[in-house]
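Following: one structure in structure tokens, then a few remarks.
The values are calculated or read from the model by the stated rules, or taken from the named source; none is laboratory data. Please read all numbers here as calculations on a predicted model, not as lab measurements. Virtual Cβ from ideal backbone geometry, glycine too; neighbours counted across all protein chains shown. Just so you know, the surface numbers come from the protein's heavy atoms only, side chains and all, with ligands and any DNA or RNA stripped out. Shrake-Rupley method; radii C 1.70, N 1.55, O 1.52, S 1.80 Å.
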Amino acid sequence: MAGIKDVAAEAGVSAATVSRVLNDHPSVSAEARARVLAAVAALGYRPNAVARSLRTDQTHTLGLVISDVMNPYFTELARSVEEEARALGYSVIIGNADERPELQDHHVRNLLDRRIDGLLVSPTDGGSPLMLDAVRAGTPMVFVDRWIPGVDVPVVRADGRGAVRDLVSHLYGLGHRRLAIIAGPAATTTGRERVEVFREALGELGLPLPDDYIGQGDFQAESGRRVTEGFLDLAEPPEVVFAADNLMALGALDAIRARGMRVPEDVGLAAFDDIPWFVHTDPPITAVAQPTGELGRAAVRALVDRIEGRPPQSVTLPARLVVRLSCGESPAQTPIESPVTNRSAS
């Protein structure tokens, strides 16, 4: 494999001149630059990215720590992040926190040790000293989907408040009055926000949210199953269960079917975070859809702005309600809408 000295000999210049050309230094003459680039092409020389990063103090690598790679929402988010980063000349190293703060910090520490240029994080909690130290040290960082209140870091997220209100209004219009929620972890901003807006929307319609109708989940399917079993054991079970993420909704569906019950005839089911599977379940599941691909791309652009010295901007995009058939909707009046694939050629 050709090295930098081989390129220098082929071009008739010094190795230092080759290095300056490869690093786009302005001091090289046009004639010397042309000879070096011709020699690079002729020899098939590929610069060592690690060695270049030591000279330029930049690796053109981003870190992404997502909350749960098994969650289709985060899988799609990671895909859009990788696509946008590649289009902007960056590669991405992904760490899966599995909704565990200690594993999140493990990945953050490893990524910082690899000298990444910037970090995208969907925090599993709000109290990571490691991340706070990284922010104070000036590490370019963007929070995506979730955030840590009070930390001065750009946030790219969806605003689901309007869509949750639309869902509650939709359920009320169908005649449902006993509505329960499987909440996400209270340590996460999304976990808290979805319960708060659900309670507010019910209150605006004069409906209560009893403690028995709030089940604490962890954004994992097993917690959705466990909480739903508790709901179904109540003397007056809810008419509709709203799961605050897609995996808990699938766990809820398992629990309902394990009782020999039917959706929506015996109990309705709705979810936050639409996924492709929901259109194929029987019945297709009514859900709040986030613009996942757009969020991933916007997060990368915000982080690259920060890395390259431009002022980064926080971005908030609207979520929307996708009505299907899992809450007692009429098939004749409800076209089955597939989740939008958030793919882009950018």
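Going through the stretch 111-155 one residue at a time, which ones are under 14 Å from I66 (Cα atoms) and either assigned to a loop (DSSP other than H, G, I, E, B) or among the polar types (S, T, N, Q) (or both)?
Result: S122, P123, T124, D125, D145, R146, W147.
Every residue in the stretch 264-278 that is open to solvent by less than 30 Å² (accessible area, probe 1.4 Å) and in a loop (DSSP other than H, G, I, E, B), please. Walk me through how you get there before you give the answer.
Taking the stretch 264-278 as the starting set, the residues that turn out to be open to solvent by less than 30 Å² (accessible area, probe 1.4 Å) are 267-275, 278.
V267, D273, D274, I275 - these are the residues of the stretch 264-278 that are open to solvent by less than 30 Å² (accessible area, probe 1.4 Å) and in a loop (DSSP other than H, G, I, E, B).
Of the residues that make up the stretch 230-239, is at least one touching a residue at least 60 places away in the same chain (Cβ under 8 Å) and surrounded by fewer than 24 Cβ atoms within 10 Å (Cβ to Cβ)? Walk me through how you get there before you give the answer.
First, the residues of the stretch 230-239 that are touching a residue at least 60 places away in the same chain (Cβ under 8 Å): 238-239.
Filter once more, keeping what is surrounded by fewer than 24 Cβ atoms within 10 Å (Cβ to Cβ): 238-239.
Taking every residue of the stretch 230-239 in turn, at least one turns out to be touching a residue at least 60 places away in the same chain (Cβ under 8 Å) and surrounded by fewer than 24 Cβ atoms within 10 Å (Cβ to Cβ).
Does P149 satisfy the condition of being farther than 16 Å from E84 by Cβ and touching a Gly at 6+ places or on another chain (Cβ under 7 Å)? Quick ask: steps written out before the conclusion?
Numbers: farther than 16 Å from E84 by Cβ: yes; touching a Gly at 6+ places or on another chain (Cβ under 7 Å): yes.
When the stated conditions are applied, P149 passes them.
Can you work out which of the residues in the stretch 279-299 that are of a type outside the set (A, V, I, L, M, F, W, C) and part of a helix (DSSP H, G or I) is most open to solvent (accessible area, probe 1.4 Å)?
First, pick out the residues of the stretch 279-299 that are of a type outside the set (A, V, I, L, M, F, W, C): 280-284, 286, 290-294, 296-297.
Subsequent filtering for residues that are part of a helix (DSSP H, G or I) retains 292-294, 296-297.
Details: T292: 10, G293: 0, E294: 88, G296: 0, R297: 30 Å².
It comes out as E294.
Take the residues in the stretch 104-142 that are touching a residue at least 60 places away in the same chain (Cβ under 8 Å) and among the charged types (D, E, K, R); name whichever of them is least open to solvent (accessible area, probe 1.4 Å).
Per the stated criteria, the residue is D117.
Which members of the stretch 7-64 meet the condition of being outside any loop (DSSP other than H, G, I, E, B), among the small types (G, A, S) and at pLDDT 85 or above?
The initial filter retains those residues of the stretch 7-64 that are outside any loop (DSSP other than H, G, I, E, B), namely 7-11, 15-22, 30-43, 49-56, 61-64.
If we keep only those that are among the small types (G, A, S) too, we end up with 8-9, 11, 15-16, 19, 30, 32, 34, 38-39, 41-42, 49, 51, 53, 63.
Listed by number, the residues that qualify are A8, A9, A11, A30, A32, A34, A38, A39, A42, G63.
If S169 satisfies all but one of (1) of a type in the set (S, T, N, Q); (2) touching a strand residue (DSSP E or B) at 6+ places or on another chain (Cβ under 7 Å); (3) modelled with pLDDT of 95 or more, what's the number of the condition it fails?
(2)
Tally time: how many residues in the stretch 307-323 are modelled with pLDDT of 95 or more and out of contact with any Asp or Glu (no Cβ under 7 Å at 6 or more places or on another chain)? Spell out the reasoning first.
Here is the first cut: in the stretch 307-323, the residues modelled with pLDDT of 95 or more are 314-323.
Filter once more, keeping what is out of contact with any Asp or Glu (no Cβ under 7 Å at 6 or more places or on another chain): 314-315, 320.
Of the residues in that region, 3 qualify.
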